[in-house]
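Written out below as structure tokens is the structure these notes cover.
The values are calculated or read from the model by the stated rules, or taken from the named source; none is laboratory data. All values derive from a computational prediction rather than experimental measurement. Cβ: placed from backbone, ideal geometry, glycine included. Neighbour counts: every protein chain shown. Just the protein is used for accessible areas: all its heavy atoms, side chains included, with ligands, DNA and RNA removed. Shrake-Rupley method; radii C 1.70, N 1.55, O 1.52, S 1.80 Å.
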Amino acid sequence: VDTVASLNQMGDIARLLRAWQVTHDAKIADHLRALILAWTQVYEITGNDVNENKFSPLLMAYASLRESFSSEDREQVDGWVQELGALHAARVAAVGGVSNRYGKHLRITALCAAVLDHPAWRDAAVDGARRMIAHGLRPDGSSHDLEERDSLGYHGSAVRSLIAMSLLIPRADDEPTLYDWVSPSGASIR
């Protein structure tokens, strides 16, 4: 309960990141670095995809400011991101699911891959996203989540994770973006 309440701070981090991106104000950057360090020193990674998916603003802020951290602080935060990414990458490899929860594991893996420039996690996230598109989305725009749960909320959550990944992962020269990729059945994020 305390973790869920505390995770509301991620909205503040997202707003601070946007402000820093526009202004490059040193005080905002200092505050973001302090928040990132505090979270990575205190939060114990559990693999809870619902809670840990909320770390997207923190991971994006760290990616933006990573080079401005001292080497000691960067090592500490990198270690935390490594642990987070490794756990969720393992879940991506083990589960192979099609639901919105699987999409959250994919998104966390892709974010950690982007932060640490980890090609194996990037590839695992892309492969997992393609599996999710092929088996979890339907050519008519519906999804496994919509069929199984009759819930537009779960459906939207699954698609949002895939859209976020399509923005995070750059296209290789010889492949379409995740957004444009179409499964053999005709399913796609688009």
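Probing with 1.4 Å while keeping every protein chain in the model, the per residue accessible area of the chain equals 51 Å². Each residue, Val1 and Asp123, gets one label point 7 Å from its Cα in the Cβ direction; the gap between the two is 4.6 nm. Here region 65-121 is assigned +1 on the Cβ of each Lys and Arg and -1 on the Cβ of each Asp and Glu. Its dipole about the Cα centre then comes out at about 500 debye.
For the chain, the mean residue ellipticity at 222 nm estimated from helices alone is -22500 deg cm²/dmol, where every DSSP H run of n ≥ 4 contributes -39500 (n - 2.57) and the total is divided by all residues, rounded to the nearest 500.
Using only alpha carbon pairs under 8 Å that are at least six residues apart, calculate the relative contact order of region 1-99 and give it in whole percent.
34 percent
Shown for the chain: the carbon plus sulfur share of the solvent-accessible area, taken with all protein chains present and a 1.4 angstrom probe, equals 51%. Considering only Ala61, Ala19, Ala129, the Gaussian network model of the chain with Cα springs below 10 Å gives its largest mean-square fluctuation to Ala19. Label-to-label distance, Val182 versus Gln9, with points set 7 angstrom from Cα along the beta-carbon direction: 4.7 nm. When +1 charges are put on Lys and Arg Cβ atoms and -1 charges on Asp and Glu Cβ atoms, the dipole computed for region 1-95 relative to its Cα centre reaches about 340 debye.
With respect to the chain, whose longest principal axis is taken over its alpha-carbon atoms, helix 71-95 is tilted by about 20°.
From the square roots a ≥ b ≥ c of the eigenvalues of the alpha-carbon gyration tensor of region 1-86, which class results: rounded (a/c under 1.5), prolate (a/b over b/c), or oblate? Oblate, because a/c is 1.5 or more while a/b does not exceed b/c.
In this simple spin-label model, placing a label point 7 Å from the Cα along the Cα-to-Cβ direction at both Glu148 and Arg190 gives a separation of 2.7 nm.
Of interest is the spacing of the C-alpha centroids, which for region 41-63 and region 65-81 amounts to 15 Å. Largest GNM mean-square fluctuation across Glu148, Glu52, Glu83, computed for the chain with C-alpha springs under 10 Å, falls on Glu148. Net charge near Trp20: determine it from the other residues with C-beta under 15 Å of the C-beta of Trp20, scoring Lys and Arg +1 and Asp and Glu -1. Summing Lys/Arg as +1 and Asp/Glu as -1 gives +1. Mean-square fluctuations from a GNM of the chain, with a 10 angstrom spring cutoff on Cα atoms, peak among Thr109, Thr46, Thr23 at Thr23.
With semi-axes defined as the square roots of five times the eigenvalues of the C-alpha gyration tensor, the equivalent ellipsoid of region 32-190 measures 29, 17, 12 Å, largest first.
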